[in-house]
Amino acid sequence: MRKALLAACCLLAAACKTAEPAPIPPQPPPPAQPPVAEVKPLPPGLDGAALNEQANPCEDFYEYACGNWVKSTEIPADRPRWSRGFDSIASRNEEILRGILEAASTGKAPEGTPHAQKLGDYYGACMDEAQLEASLPALKAELAKLTAAKSAKELAQAVGTLHARSVFPLFTFGANTDLKDATQVIGEVDQGGLGLPDRDYYLREDEKSKSLRAAYGEHMKNIFVLLGETPEVAAKSAASVLEVETALAKASLTRVERREPKNLYHRLERKGLKAAAPTFPWDVYFTAVGAKDVQTLNVSHPPFFQEVERLVKTTKPAAWRPYLTWHYVSGSIPALPKAFQEERFRFSAQNLTGAKEDVPRWKKCVRFTNMAMGEALAQPFIAQTFGAEGKKTTLQMVEEIEKSFERNLDTLAWMDAPTREQALVKVRKIVNKIGYPDKARDYDALKVERGSFLRSVASAAAFEQARQLAKIGKPVDKSEWLMSAPTVNAYYNPPFNEIVFPAGILQPPFFNREATPSVNFGAMGMVVGHEITHGFDDEGRQYDAEGNLRDWWTPGSDKAFRERVACVQQQYDGYTAVDELKVNGALTLGENVADLGGLKLAHAAMEAWLARDAEAAKQANSYRFTPSQQFFLGYAQSWCSKYRTPFARQMVMVDSHSPPYWRVNGPVVNLPTFQQAFQCQEGAKMVRPAAQRCEVW
């Protein structure tokens with residue numbers, strides 16, 4: 001607040017001129033001023049402009065940490081959401097990748113870029129929008145060959161040919177680790193064949209779901225019209241597709257059911273699959289897909305293939321043409337004329353994302369090239385963004401948090417000694433992968449045509465599917481990564497018992513070389529703790545130290561664990577996600593357990609780190625917030641986010657993570673360390689009563 005400065009003056013000018021000055025009496029000395037309190041600086045790594053300091057952290061911590069960011073931030077027009085963490089980093093990474101690819105497309109790739117010509121040609125073909133306008137004749141020629149199935153044998157041939165190109169009508173087929181022998185790769189057939197993001201979109205009877213299905217039918221009709229059908233014929237084609245997809249949806253497991261590993265493991269082998277669905281010519285299919293000799297086979301959900309059998313028996317041959325056409329064209333839309341892309345954007349924006357503008361072409365092309373040749377593109381990206389210091393510091397953080405998990409095991413009264421011993425073995429065998437793979441993937445066999453993005457996309461998809469299927473029957477390659485290095489994410493892989501942190505995520509605000517250890521432990525350390533905890537959540541705990549699906553829990557510890565995760569599920573079931581939709585506590589259970597455990601582990605690791613490093617502790621205490629406050633603020637501010645409503649609704653149905661608001665406020669209400677950090681009292685919203693507090697790890 002500013003104060004006005006007032007000057008005193010004689011009111012009468014004459015008096016001012018003639019009055020004699022009065023003698024000045026002696027003045028007492030001015031009172032001593034109290035010392036000005038030192039204003040400590042904000043810790044580097046935190047965003048002061050994001051804070052809403054009018055909010056009470058003990059009543060709504062997300063609002064306190066992110067309130068002004070949420071108020072002042074606009075979601076970019078081409079995006080369904082925007083976040084201070086994942087999305088802002090991904091946007092920066094895309095700009096870097098764009099520079100690399102634009103240089104490669106003109107023959108000026110950074111020195112040492114592997115497969116630079118192919119990278120440049122793939123990106124260049126994608127950016128050639130004039131060439132896309134001429135792609136329809138080639139598409140129609142392919143459709144004529146791929147969709148004219150008039151018998152079960154021809155259907156199996158068509159489905160196998162499409163699956164070989166990573167287009168998956170009816171079901172999916174690929175390679176996977178044998179869940180009960182993590183050293184071997186087997187074949188796996190799984191449910192699939194849908195065009196909407198989830199089975200529930202086909203089955204729910206609320207008005208919004210009915211409206212979305214109608215919009216989906218209209219979208220399909222519009223695409224068939226663009227392919228040359230009359231509106232009347234196109235409407236019938238769309239209805240036929242929706243009928244087949246609805247039947248497949250009814251036979252599909254829910255996302256919650258698929259979270260139970262035992263539900264997805266049925267080693268029927270090829271012989272058993274043929275017995276379950278004898279009408280479908282499986283030998284024809286496996287030859288067409290490029291896996292003629294495969295015998296070892298997991299059938300993830302046998303009842304689904306009984307429905308495939310029924311459809312093959314009862315569906316009129318004429319109905320397969322629109323269904324196969326739809327799936328091939330839907331997967332090819334980014335390589336088709338602008339009218340197809342505009343129609344896809346219209347449907348998605350109005351019903352699934354809420355975006356105001358389509359994604360700029362260069363961003364699409366960066367993403368497609370990264371999907372097709374991610375490990376080649378990663379190498380110049382790594383050279384520009386990820387140094388040895390970042391890898392070393394992250395590894396130290398990972399090892400500190402793994403030690404924190406070990407120490408924490410001794411404090412768990414609910415876990416008995418035999419189970420604790422097995423858990424200790426498992427955590428000590430976790431493999432840590434940081435930054436990028438030691439060995440890059442070879443793309444020599446991939447064919448790219450600068451003159452045809454449609455053919456290049458098909459070639460890249462076929463290359464990847466062939467690479468996957470070639471693994472079947474061979475030992476698992478545990479050096480392989482499931483994400484490219486520029487990806488802004490991290491994961492735990494149960495059959496490998498590994499945690500993986502690509503270079504893409506090891507950037508501010510998750511990892512900041514300038515930030516205090518407390519902020520980094522809150523942001524990136526929590527991610528590390530989160531992934532470690534996934535090895536011991538309701539899914540991950542079912543795998544042993546070698547990655548095999550095996551029960552290593554005593555009955556007593558198993559019962560105690562189930563009671564504790566039931567508490568977490570019940571807590572999140574009570575939260576509203578958006579509008580009338582509640583968080584699905586069962587769908588998000590593993591992520592919520594990992595958030596809660598990750599925060600607890602990372603905070604304990606931070607305290608151990610500062611206890612050993614006096615200089616770091618002194619530095620952390622020189623800033624405005626205490627180290628624990630810095631930790632929790634670093635965590636919360638990495639999740640500051642805004643969603644468009646259609647996208648938020650979609651995420652409630654398909655995302656195994658809770659909305660960011662609850663990813664912040666949900667865990668902290670259970671953590672005494674948070675309540676101590678901000679001096680929260682009993683009765684505050686961020687303090688669950690002790691009897692209701694959830695704690696697993």
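The values are calculated or read from the model by the stated rules, or taken from the named source; none is laboratory data. Just so it is clear, the model here is predicted, and its values are computed rather than measured. Glycine also receives a Cβ, built like all others from the backbone with ideal geometry; neighbour counts cover every protein chain displayed. Ligands, DNA and RNA are excluded from the accessible area calculation, which covers all protein heavy atoms including side chains. Shrake-Rupley method; radii C 1.70, N 1.55, O 1.52, S 1.80 Å.
In table form, for the structure just shown:
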item: Condition met for Ile434 (part of a strand (DSSP E or B), of a type outside the set (Gly, Ala, Ser) and either within 30 Å of Met397 (Cβ to Cβ) or modelled with pLDDT of 95 or more (or both)); result: yes
item: Condition check for Arg367: within 29 Å of Lys447 (Cβ to Cβ), open to solvent by 10 Å² or more (accessible area, probe 1.4 Å), assigned to a helix (DSSP H, G or I) and in contact with a helix residue (DSSP H, G or I) (Cβ under 6 Å, 6 or more places away or on another chain); result: no
item: Flag for Glu607 being within 20 Å of the chain's Cα centre (by Cα), modelled with pLDDT of 95 or more and open to solvent by 10 Å² or more (accessible area, probe 1.4 Å); result: no
item: Condition broken by Ala440, with the remaining ones in (1) at pLDDT below 95; (2) more than 30 Å from Cys365 (Cβ to Cβ) satisfied; result: (2)
item: Evaluation of Glu591 against (1) out of contact with any Pro (no Cβ under 9 Å at 6 or more places or on another chain); (2) free of Cβ contacts under 8 Å to residues at least 60 places away in the same chain; (3) not aliphatic (A, V, I, L, M) (one fails), failing number; result: (2)
item: Per-region count, the range 393-428, residues open to solvent by 20 Å² or more (accessible area, probe 1.4 Å) and under 19 Å from Ser557 (Cβ atoms); result: 15
item: Odd one out for Cys126 among (1) at pLDDT 95 or above; (2) in contact with a Phe, Trp or Tyr (Cβ under 8 Å, 6 or more places away or on another chain); (3) closer than 16 Å to Gly228 by Cα; result: (3)
item: Single residue of Ala156, Ala138, Ala130 found to be without any contact (Cβ under 8 Å) to a residue 60 or more places away in the chain and assigned to a helix (DSSP H, G or I); result: Ala130
item: Check on Glu591, at negative phi, part of a helix (DSSP H, G or I), touching a His at 6+ places or on another chain (Cβ under 6 Å) and open to solvent by 20 Å² or more (accessible area, probe 1.4 Å); result: yes
item: Residue count, the range 262-283 (criterion: touching a helix residue (DSSP H, G or I) at 6+ places or on another chain (Cβ under 9 Å) and more than 25 Å from Gly540 (Cα to Cα)); result: 12
item: Residue identified as over 30 Å from Gln184 (Cβ atoms), open to solvent by 20 Å² or more (accessible area, probe 1.4 Å) and not in a loop (DSSP other than H, G, I, E, B) among Ala458, Ala462; result: Ala458
item: Tally, over the range 107-127, of residues that are assigned to a loop (DSSP other than H, G, I, E, B) and hydroxyl-bearing (Ser, Thr, Tyr); result: 1
item: Only listed residue being at pLDDT 95 or above, over 17 Å from the mean Cα position of the chain (by Cα) and assigned to a strand (DSSP E or B), chosen from Ala577, Ala560, Ala566; result: Ala577
item: Candidate set: the range 173-222, residues that are under 23 Å from Thr296 (Cα atoms), part of a loop (DSSP other than H, G, I, E, B) and touching a helix residue (DSSP H, G or I) at 6+ places or on another chain (Cβ under 7 Å); chosen: the one most open to solvent (accessible area, probe 1.4 Å); result: Leu179
item: Close pairs from the range 461-480: first over 19 Å from Lys439 (Cα atoms), partner of a type in the set (Ser, Thr, Tyr), Cβ under 6 Å, at least 6 apart; result: Ala461/Ser166; Gln465/Ser166
item: Residues located in the range 510-519, provided they are open to solvent by 10 Å² or more (accessible area, probe 1.4 Å) and modelled with pLDDT of 95 or more; result: none
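Residue-wise test of (1) under 30 Å from Lys140 (Cα atoms); (2) open to solvent by 20 Å² or more (accessible area, probe 1.4 Å).
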residue: Phe224; (1), (2): yes, no
residue: Thr230; (1), (2): yes, yes
residue: Lys236; (1), (2): yes, yes
residue: Leu273; (1), (2): no, no
residue: Phe286; (1), (2): yes, no
residue: Lys313; (1), (2): yes, yes
